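One structure is given below, encoded as structure tokens.
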Amino acid sequence: YTPYGKFVIFLDSGQVWRQIEGDADRADFSKGVAVTISRGGLGSYSLTIGDSEKLYKVRRVK
């Protein structure tokens, strides 16, 4: 987590994603769990963790 309470996730592919500042939800995940990143409207991206239906708004860092 960042000092502001937002998560940063590092994928096996080398991609790095960070939760955006406007998303106030805290994620509960552990190393090795599957994540899905999907494109939303207006160039946004959403991340889901495992089988959860909860969406987290993210931005690609790398």
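Read-outs: derived from the displayed coordinates by stated rules, not from any lab. Everything numeric in this text was worked out from a predicted model, so none of it was measured. Cβ atoms come from the backbone with ideal geometry, glycine included; neighbour counts cover every protein chain shown.
Dipole size in debye (nearest 20) for the chain around its Cα centre, Lys and Arg Cβ +1, Asp and Glu Cβ -1?
Details: 10 positive and 7 negative charges, 58 e Å.
Taking the Cα centre of the chain as origin, the dipole is about 280 debye.
Given Cα pairs under 8 Å that are at least 6 residues apart, what percent is the relative contact order of the chain? Mind showing how you got there, number by number?
Working: 89 pairs, mean separation 20.2, N = 62.
Result for the chain is 33 percent.
Amide H of Ile20 versus every other amide H placed in the peptide plane: which residues, excluding those fewer than 5 positions away on the same chain, fall under 5 Å?
Residues meeting the criterion, in which the H sits 1.01 Å from N, are Lys57, Val58, Arg59.
If each residue's Cβ is checked for other Cβ atoms within 10 Å, how do Arg26, Arg59 rank with the fewest at the top? Mind dumping the intermediate values first?
Details: Arg26 11, Arg59 15.
So the ranking, lowest neighbour count to highest, is Arg26, Arg59.
Residue by residue through the range 37-51, which ³J(HN,Hα) values in whole Hz follow from phi under the Karplus form 6.51 cos²θ - 1.76 cosθ + 1.60 (θ = phi - 60°), with glycine and proline marked x?
10, 10, 7, x, x, 6, x, 8, 10, 10, 10, 10, 10, x, 8
Sequence-distant or interchain residues sharing an amide H contact under 5 Å with Val35, placed H: which?
Gly50
Among [x] 82; [y] 91; [z] 102, only one was calculated for this model; which label is it, if the read-out is volume of the Cα convex hull per residue in Å³?
Matching entry in [x] 82; [y] 91; [z] 102: [y].
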